[in-house]
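Data first, discussion second: the structure below is written as structure tokens.
The values are calculated or read from the model by the stated rules, or taken from the named source; none is laboratory data. Quick caveat, the model's predicted, so the values are computed rather than measured. So basically every Cβ, Gly included, is an ideal-geometry build from the backbone, and we count neighbours across all protein chains shown. Surface accessibility is based on the protein's heavy atoms, side chains included, excluding ligands, DNA and RNA. Shrake-Rupley method; radii C 1.70, N 1.55, O 1.52, S 1.80 Å.
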Amino acid sequence: MFPYNLYLFFVFVAIYVPSLKCGDVVHLSDSESADKLEAVPSLSNAAVSSPVFKPAVDTVFSFSVLSSFPEDLEVSDYCSDLLHIFGQRYVAYVNCLVPAARPVKVCQSCYSTYGSVVEIYKNISSDQMGPGNETCRDSLLRSDRLMLVYQLYSNLESLWEDSNCAQCVTGHFESLTNDTLYFMSTLNQTLTCFEKYQQGNHTELCKNCKSAYGTLNVLYSQMEKNSTLCIDIEDAMNMTRRLWSKNFNCSFPREENVPVIAVSSFMLFLPIIFYLSSFLHSEQKKRKLIHPRRAKSNTSLMNIQDKLS
């Protein structure tokens, strides 16, 4: 009996003890599990610290920094300097254009900065050899399909031509023309007169500023005939006329309207003149009476009868 009980005891121990160990592993406390998890290295840290695994960003970054083309394909230092100067002057011209958009003063305010852009672009596009017997025209203007430098300059050139700024600026972008300066001076006199009388009765303004405004209109018409107008002058004149007619309710007969008014008046009275002349001519015809010939005397009639007999 004893050996059998001893056998059962050993079987019980063999079954129960391993279950206790398994329970210890499964039923860990929160603090113990956290400590054990911290002891295990994370996958991300291990991957970053690994000498084999490298992030893709580092690979691309190092590629873009370390890679280079052969020296014969790269832009020379001389051409790079020209490109840098072109960028600086391009930005300066654009920064001048934006504030001069309204009211329009793109010609009188930005002609010098545009001249500097033209100058540097001529150096880039020139066939003349620079230092080291090299030209930058092909490398900066024709080396790719986009031709960015050419496109940027073409946009500015089109803007300059559409504004007709060449009509108001001298040939070498040195200053404004004499006609433009004289127009601006006359415009300032007219605007000064507007400012002087605009606070009071507009009737006084129309009366006192009529002479200055008329002189400005005549000058503008002459410049229009001579093709010496640019966008600055056109916009300034439009704004002045708007002030005169809309804001101040003034009127002024323009010289070009006088022939139109004369011809219109003549055409209006032409039917009246026609019917009046027809009426007078018919009256004269009525006054002219047709007088029949008087019969000859009896003596002459008797003589005629005698001859016939």
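Just checking, how many residues over the range 198-218 are free of Cβ contacts under 8 Å to residues at least 12 places away in the same chain and of a type outside the set (D, E, K, R)?
Here is the first cut: in the range 198-218, the residues free of Cβ contacts under 8 Å to residues at least 12 places away in the same chain are 199-201, 203-204, 207, 211.
Keeping just the survivors that are of a type outside the set (D, E, K, R) gives 199-201, 203, 211.
Adding up the residues that qualify gives 5.
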> Considering the range 187-197 alone, what residues qualify as being loosely packed, with under 15 Cβ neighbours inside 10 Å and either farther than 17 Å from residue 238 by Cα or β-branched (Val, Ile, Thr) (or both)?
Replying inline: 192, 195, 196
>> Against the definition (touching a His at 6+ places or on another chain (Cβ under 8 Å), surrounded by 14 or more Cβ atoms within 10 Å (Cβ to Cβ) and in contact (Cβ under 8 Å) with a residue 40 or more places away in the chain), how does residue 115 come out, yes or no?
In response: yes
> Can you pull out the residues in the range 162-172 that are farther than 14 Å from residue 117 by Cβ and assigned to a helix (DSSP H, G or I)?
Replying inline: 162, 166, 167
>> Take the residues in the range 143-180 that are open to solvent by 90 Å² or more (accessible area, probe 1.4 Å) and of a type in the set (A, V, I, L, M, F, W, C); name whichever of them is nearest to residue 211 (Cα to Cα).
In response: 148
